[in-house]
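Asker: Quick one: the structure is below, questions incoming.
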C-alpha cells in the first residue's frame, strides 16, 4: 500500500488547480480522475473558449454570488482574486484577454490550451495524475484516510474532494464525492438545477424559435413580489427559453426552492412580457448544480471539514454555484488553492510563491514535444 502527502479526488477545474498548487508547494500528491482524460467539463466551458473568470473586484464578485455562497467564498476569493488568477495564468505561460461583459478568456480562446497548461504543470511539478481511476471507497484509517480504487489502494493524511456536482454526468460528475462526504458524517443539500433553461407553453415560442434578444432585464416574481433581477440575453429555442438572463434567474428559483413563479422580461425598447414556465430543464442538463455538501460544515477559511478533520473540499462538490460568466470556474480555482495552501502549512511547507515569476518549464506556445 502506497502513501502520499495529499490525495486529490477529481481531475476537473478544482482538482487540476489543486494539483498544480500542491506541486508549487512540493507536496507529494496524487490526483485521481475517474474518466480516461481529465478536464472534460473544463473543455466545455464558454462554448469551448473557457471563460476563466470575470474581470471585476473580488468584493463585487462576492456580491454577485449572493447568499449563502458569496459570504462562504469570501476568504477564498480574497486569497486568490480574479486579478490574481489572471496573473497566475500569465506567470505560467498563458496570457488572458478580457472580452465583452468583462469575461476573461485565454488569449487563444481555446479551452484545450487551459487543460494543456494544467497537465503540463502537473508533469513538471512531479504531481501524479491517475486517470481511469474510479474510487470505490474513501474511509478513515489510522494514518488519516484510505482510498480504494479498482486497481490499487493508497493512504494519505489529507484528502481533497473535488468531484464536482451532478450536471453533465458524462463528464464524470456523478455525485460520488457527495456520497463519500455523507458517509464521513456530512450533510448534503438536495440537488437542483442551476443555470438552466425552461420549458414553456408552445404559444410562447411559436413563430419565434431562433430569436435572440440582447440586453433584457428579468424579474423573478412569486406571490406578487420581486425576488431577484438578472440581466443579459434572452433566447428562444425549439425546446423552450434560455439565454444568460434567464439561466441566471434559475439560480434564484432553485436557491429559494420556488414552486410557483413567473419571469417578467423587459426588453431594451421598454416593452415587456411575462411568462410562467412549465418546468426547469433537469439538473443533468444544467450548467451547474445547486446543492451539495452543506456549507455550514466546512470551514470557509481553509475548506476543511468541521466534522472530519483532514478532509477538504473544493468547487462544485460543495453547495456552491454562481452566475454565468466565469464565476463558477473562479470559485473552483480559489477554493482549491485555499484548501491546498492550508494542507501545505500543516505539512510544514512555506507559503505559495509570488505570482509575478514564471513557475513552469513549459506551457501553451512553448510546450515540449510529447
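Asker: Which condition number in (1) more than 21 Å from residue 257 (Cα to Cα); (2) assigned by TED's automatic domain parsing to the domain that holds residue 321; (3) not in a helix (DSSP H, G or I) is the one that residue 177 fails?
Answerer: Failing condition for residue 177: (3).
Asker: Within the set of pairs 6+ apart or on separate chains, which have a first residue in the stretch 85-101 that is farther than 19 Å from residue 324 by Cβ, a second that is at pLDDT 95 or above, and C-beta atoms under 6 Å apart?
Answerer: Correct list of pairs: 89/96; 94/106; 94/117; 95/107.
Asker: Examine the stretch 66-82 for a residue that is touching a residue at least 60 places away in the same chain (Cβ under 8 Å) and closer than 20 Å to residue 232 by Cα, and state whether such a residue exists.
Answerer: Yes, that holds for at least one residue.
Asker: Which of the residues belonging to the stretch 242-259 are touching a residue at least 40 places away in the same chain (Cβ under 8 Å) and either surrounded by fewer than 17 Cβ atoms within 10 Å (Cβ to Cβ) or in contact with a helix residue (DSSP H, G or I) (Cβ under 7 Å, 6 or more places away or on another chain) (or both)?
Answerer: Listed by number, the list holds a single entry, 257.
Asker: Among (1) part of a helix (DSSP H, G or I); (2) over 18 Å from the mean Cα position of the chain (by Cα); (3) surrounded by fewer than 21 Cβ atoms within 10 Å (Cβ to Cβ), where does residue 22 come up short?
Answerer: All conditions are met except number (3).
Asker: Also, I was wondering about something else. Could you look through the stretch 316-327, keep only residues that are more than 15 Å from residue 71 (Cα to Cα) and part of a helix (DSSP H, G or I), and pick out the one that is farthest from the chain's Cα centre (by Cα)?
Answerer: Only one residue fits best here, namely 317.
Asker: Filter the stretch 200-236 down to the residues that are farther than 18 Å from residue 267 by Cβ and surrounded by 17 or more Cβ atoms within 10 Å (Cβ to Cβ) and list them by number.
Answerer: Result: 228, single match.
Asker: Among the residues of the stretch 328-370, which ones are part of a helix (DSSP H, G or I) and either modelled with pLDDT under 50 or more than 23 Å from the chain's Cα centre (by Cα) (or both)?
Answerer: 345, 346
Asker: With (1) over 14 Å from the mean Cα position of the chain (by Cα); (2) not in a strand (DSSP E or B) as the list, and residue 11 as the residue in question, which single condition is left unmet?
Answerer: (1)
Asker: For the stretch 92-99, check the following and say yes or no: at least one residue is in the same structural domain as residue 173 (by TED's automatic domain parsing), within 21 Å of residue 318 (Cα to Cα) and modelled with pLDDT of 95 or more.
Answerer: No; the residues of the stretch 92-99 include none that is in the same structural domain as residue 173 (by TED's automatic domain parsing), within 21 Å of residue 318 (Cα to Cα) and modelled with pLDDT of 95 or more.
Asker: Say whether the condition of being farther than 18 Å from residue 324 by Cα and assigned to a strand (DSSP E or B) is met by at least one residue in the stretch 196-205.
Answerer: Checking the stretch 196-205: at least one residue is farther than 18 Å from residue 324 by Cα and assigned to a strand (DSSP E or B).
The values are calculated or read from the model by the stated rules, or taken from the named source; none is laboratory data. Worth saying up front: this structure is predicted, and the values here are computed from it rather than measured. Quick reminder, even Gly has a Cβ in these numbers, built from the backbone with ideal geometry, and neighbours come from all protein chains shown.
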